[in-house]
1. From the list Glu301, Glu332, which residue is within 13 Å of the chain's Cα centre (by Cα) and modelled with pLDDT under 95?
2. Working only within the range 545-562, note down all residues that are outside any loop (DSSP other than H, G, I, E, B), without any contact (Cβ under 8 Å) to a residue 60 or more places away in the chain and either among the polar types (S, T, N, Q) or loosely packed, with under 12 Cβ neighbours inside 10 Å (or both).
3. State yes or no: is Arg484 over 30 Å from Ala347 (Cβ atoms), of a type in the set (Lys, Arg) and assigned to a helix (DSSP H, G or I)?
4. Just to be sure I understand the filter: pairs with C-beta atoms under 6 Å, separated by 6 or more residues or on different chains, first member in the range 1-26 and of a type in the set (Lys, Arg), second member part of a strand (DSSP E or B). Which pairs pass?
5. Look through Glu430, Glu516 and report the one residue that is free of Cβ contacts under 8 Å to residues at least 40 places away in the same chain, farther than 30 Å from Ala35 by Cα and of a type outside the set (Gly, Ala, Ser).
6. Do we have any residue at all in the range 32-39 that's surrounded by fewer than 21 Cβ atoms within 10 Å (Cβ to Cβ) and over 23 Å from Lys302 (Cα atoms)?
7. Give me the residue from the range 639-653 that is modelled with pLDDT of 90 or more and within 28 Å of Lys190 (Cα to Cα) and, out of that set, surrounded by the most Cβ atoms within 10 Å (Cβ to Cβ).
Amino acid sequence: MQTKGKYYITTAIAYTSGKPHIGNTYEAILADAIARYKRCDGYDVHFQTGSDEHGQKIETRAIEAGCASPKEFVDAVSGDIRRIWDKVGTSYDRFIRTTDDDHVRQVQKMFKKFYDQGDVYKGSYKGKYCTECEAFYTDSQLNNGKCPVCGGDVHEEEEEAYFFKMSKYTDRLINYINEHPDFIQPVARKNEMMNNFLLPGVQDLCVSRSSFKWGIPVDFDPGHVVYVWLDALANYITGIGYDVDGNNSEDFNKYWPCDLHLVGKDIIRFHTIYWPIFLMALDVPLPKQIFGHPWLLQGGEKMSKSKGNVIYADDLVDIFGVDAVRYFVLHEMPFDNDGTITWELMAERFNSDLANTLGNLVNRTIAMTNKYFDGIVSNPHVDEPVDEDLKKVVTSCYKTVEEKMDGLRVADSITEIFALFKRCNKYIDETEPWILAKDEAKQDRLRTVLYNLTESIMIGAGLLYPFMPDTATRIAADLNADIRAFDSLETFGLYPDGNKVSSQPTMLFARKDLAEVLKATEEITRLQKEDYIKTQTTAIENLEKAGRSFDADKIRQNLAAIGEGAVSDEEVIDIESKPEIEYDQFASMQFQVGEVIKCEAVAKSKKLLVSQVRVGSRTLQIVSGIRKYYSPEEMVGKKVMVLVNLKPAKLAGVDSEGMLLCAEGADGELSLMVPEKKMPAGAEIA
C-alpha cells in the first residue's frame, strides 16, 4: 500500500497518583484504535503516550505510601500504567515519562528561553489551590467553595512564583482558532474555550512552584520547580526529539506538527490555551487538532475509590478478554457525550454483539463448510440477486468507515462494521444453507453461498482489526487466510478458491452467565474495598509520622463507614413539606426528557446559563440558575428532565421556555436530574 504521509497521535500522559481505572484507560484504547486504523490505511504513524510524574500531589502520595522518595513511588505507578496499557493492547511507539532525562533537559531549556525573551517574570501568587488537580482557582471559579473540576477541597496558597505572560499571545491564538475551525473538537469544546476563557481575557499563568521540591528544577533559580502543567504538556515535542537550541531529531522534523492530541474534556483548557501559547513562544507550529473526548462513567457517575464504584481494565480483561473490553469502550462511548459502563451492561453487550452477532456468524460459517464440503471453500459462481445486495453492503463498508474515522467517529465506525456482520447473518437466513444441502442439484449454489459468507467475513475482519486486533487475527487464522489489506476491502472475491478452513476453529466469544459475572465482581469489589481501607490507614500513619497537617479523624470516620458499607459523606435531608395537591394538578404538568444541544453563559448574569434543549422534534430555550455548578461545555449532550409546559418568562432579559429539574443538597449545591437509562429526547416522564 502506498503511504499516505505521516500521522502523529498522542494521549494525555497519565498522572501517576495511582492505578488508572477503565475511564482513564479508555483514552489509551481510543488512541490505539485510531493509530492502528491509520497504519492500516497507509499512514506512517507515531503513537505516543506515557506518564506525568511530578507535582505536590505525587510528593504527598509518596509519603502516604511510605516510599523513600517520590521517584520510588512514580517508578511503581508508571510501571503499573504501562502494564495496563500493554494488557489492553496499545501499540504505542514511545512511552514517555516526565522523569526521563531527555525530557527534563528540554523543559529546563524551554523555561530559560521563556525567561530570556521576557515571556516569564517573577512575582508572588496568592489564591485557592487544589492539590488533586494541581491548579489555582479564583473565588468566582470555585463551586460552592470546592474545586470546580474534582469537587475536592481547596486551600489558600501564597508563594513566590514565576508567571507566563499569556496576554502577549492571546489575540494571536484567538485568530488562529477562528482561522482553523477544526483545531478544537468537538465544536462545543471550542465554544467553551473561546467564550469562557479566551474572549474574556486570560490571566497570566503561574509556571513555577516554590512550596515543594518534587518537580523539574528551574536551573537558574534552584528554589523553584517547573509547574507540572508546563512540564507535562512539553512531552508532546520532547518525546520525539525537540531541542530548544534547534538541534531537533529526524523524528521531530518528520512528525511535528502533531495530527491529533487526544485528551479528556476536563483538561481541554490546558491543551487548547496554555499549550498553543507555549508553542507560539517557542516559535513551533501548533498541533493540527485537539479532541476533548467525553468521560466514561460508572453507572452515570464518576468513579471513586471511596464510593467503591471503580472498575479497572485488568479486572474487565480477566473476565471478558482484551478485545471485548476494547469493543465495549470504543462502541459505547458517544462522540461528545459521556458514556456509561456497568458490569451488567458489559455482559449484555458481550452476549448480544460479540457472542451472538459475530462469534455465532463465524462459527456457523466454518461449521457448515466443514460439514458439507470437508472445509474446502470454492466459488462456482452460481449467483442469485440476494448475493448482489450482500456484496454491495460488504464492499461499501470500507468507504463508510473511512468517512466516520476521518471525523473521529469511532463508535459509529464499529457500528458500521457490525452492520456488515449482521447483514451476513441475514444472508444465512435468506439463503438457508441447511435446505440447500439436502438437494444434490443445489450443491454448487451452497458452495457459492458459503464462499460469499467466508469472503464477507474476511473483509469484515480486515476492517475490525484496528479495533479488535486479536479477534480479527483469530478469525483470519480460522479461515486460513491473512488479514485483508485496506486497499483490497472494496474488492469482492479475493479469498483463494479451494482454500481449506480450520477443522477445529477457536471459540471467539463464549456467552457469559450474568449471575456468575456479578458474583465475580462482588469479590473484586470486596477486595478493592479492603485494599482501599488498608492503604488509606497506612497513609494516615505515614502522614502523621511526617508531621503533615490533615484531618485524620474525618478520614478515619470515612474509612469506618466504607467498611460498614456506607460512605459518611452521603447525607439525608429533611425539608418542610408543602401542601398536598390533587392528582389533576400534578397531571397538568408535562415532563419530558430533553437533550442539551447548545449552552452559553448569560452575559448579564453570573448565575444563569441559557440552554437550547431538544425535546422531540422541537427545541426549547431554557434559562437556568446553574452556572455555579455546570459549565456550558459540561451541559452540551446531557439528557435532562424538563418541565415543558411552563409559561414562558424572561430572565436577565433572555426568554425562557421551560424548566430543568434539579436536586438541591444541604449546602445548596444543585445537581441536574438525568435519566438512569438511555432515553430518547422527548420521552415522557410519567
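The values are calculated or read from the model by the stated rules, or taken from the named source; none is laboratory data. Just so you know, these numbers come straight off a predicted model, no measurement behind them. Every residue, glycine among them, receives a Cβ derived from its backbone with ideal geometry; neighbour counts consider all protein chains shown.
1. Numbers: Glu301 fails: within 13 Å of the chain's Cα centre (by Cα).
Within the list Glu301, Glu332, the selection yields Glu332.
2. Narrowing the range 545-562 to residues outside any loop (DSSP other than H, G, I, E, B): 545, 552-562.
If we keep only those that are without any contact (Cβ under 8 Å) to a residue 60 or more places away in the chain as well, we get 545, 552-557, 559-561.
Answer for the range 545-562, where residues must be outside any loop (DSSP other than H, G, I, E, B), without any contact (Cβ under 8 Å) to a residue 60 or more places away in the chain and either among the polar types (S, T, N, Q) or loosely packed, with under 12 Cβ neighbours inside 10 Å (or both): Lys545, Asp553, Lys554, Gln557.
3. Values: over 30 Å from Ala347 (Cβ atoms): yes; of a type in the set (Lys, Arg): yes; assigned to a helix (DSSP H, G or I): no.
Considered against the rule, which asks whether it is over 30 Å from Ala347 (Cβ atoms), of a type in the set (Lys, Arg) and assigned to a helix (DSSP H, G or I), Arg484 comes out as no.
4. Pairs found: Lys4/Tyr43; Lys6/Asp44.
5. On the way: Glu430 fails: free of Cβ contacts under 8 Å to residues at least 40 places away in the same chain.
After ruling out the rest, the residue left standing is Glu516.
6. Our first condition is that a residue be surrounded by fewer than 21 Cβ atoms within 10 Å (Cβ to Cβ); within the range 32-39, this holds for 36, 39.
Of the ones still in play, those that are also over 23 Å from Lys302 (Cα atoms) are 36, 39.
The answer is yes; a qualifying residue exists.
7. Val642
This table checks each residue for (1) closer than 18 Å to Tyr169 by Cα; (2) of a type in the set (D, E, K, R); (3) more than 12 Å from the chain's Cα centre (by Cα).
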site: Cys258; (1), (2), (3): no, no, yes
site: Tyr274; (1), (2), (3): yes, no, yes
site: Ala281; (1), (2), (3): yes, no, yes
site: Val284; (1), (2), (3): yes, no, yes
site: Pro287; (1), (2), (3): yes, no, yes
site: Gly292; (1), (2), (3): no, no, no
